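Written out below as structure tokens is the structure these notes cover.
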Amino acid sequence: MLLLISDYPNFLTTAKDYLQDQGNYQVTAFSNYQDVLPMLSSGLPDCIIGDLRGRHQESYAFVKSLRDNPRTRSIPFIFLHSPNGLPDSIQALSAGCDRYLMKPFLPKNLLTEIKTALSSIVTIQPTQELSSPVNDSVRLTPTEKKVLALIVQGLSNREIAANLSISLRTAETHVSNILGKTGLPNRTKLAAWALGEH
């Protein structure tokens, strides 16, 4: 099940219909984040797509609440933002968003982002066993865990970007976030930490 959050009524209707028809997903639509919270207490979606014009701080706070809760921590979140929203995208990744998509975009691009986000849930599971500190003392998003696994394999930021189908800048932001969360100075220390050699 997907959760789609937007205060654009036309977008909600169009995107919901497209994702149901072309992606065969069950989609529940909301116009604000407050209405989503009660729903999360009874059932968890596979992915959340958030789009709120001019209310990005509300989006960031919502994502942070997801990441702070063990029940919802691993739910992928895709942030939709305006063409001039590069600072927003960086802040969104820092807040815990897994992916972002710049508007305007083709419906099939949104579908691709969702499929990529969902596939990362499956492939990320072995990464979570790199070492216990990754799970217990440092809270990484699903995408950050996948980036960490690729760092351990010795991949460069450019190679990580290609592997995850993200931009180089997005890969760099994820690496920077992981270093900040762990308090480690470089990738070598980070790889050793992830492997339990600390």
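The values are calculated or read from the model by the stated rules, or taken from the named source; none is laboratory data. This is a predicted model, so every value here is computed, not measured. A quick note on method: Cβ atoms are made from the backbone with ideal geometry, for glycine too, and the neighbour counts reach across all protein chains shown.
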Exercise for review: Considering each residue of the stretch 61-78, count those that are in contact with a helix residue (DSSP H, G or I) (Cβ under 7 Å, 6 or more places away or on another chain) and part of a loop (DSSP other than H, G, I, E, B), and give that number.
Suggested key: 5
Exercise for review: May I ask you to list the residues in the stretch 16-34 that are over 19 Å from the mean Cα position of the chain (by Cα), part of a helix (DSSP H, G or I) and not acidic (Asp, Glu)?
Suggested key: 16, 18, 20, 22, 23
Check your understanding: Within the stretch 30-49, can one find any residue that is closer than 22 Å to residue 11 by Cβ and either at pLDDT below 75 or out of contact with any strand residue (DSSP E or B) (no Cβ under 9 Å at 6 or more places or on another chain) (or both)?
Key -> yes
Point to revise | Residues of the stretch 14-34 that turn out to be without any contact (Cβ under 8 Å) to a residue 12 or more places away in the chain and more than 19 Å from residue 57 (Cβ to Cβ), as a count | key: 4
Check your understanding: Where residues in the stretch 153-198 are in a helix (DSSP H, G or I) and among the β-branched types (Val, Ile, Thr), which of them is modelled with the lowest pLDDT?
Key -> 188
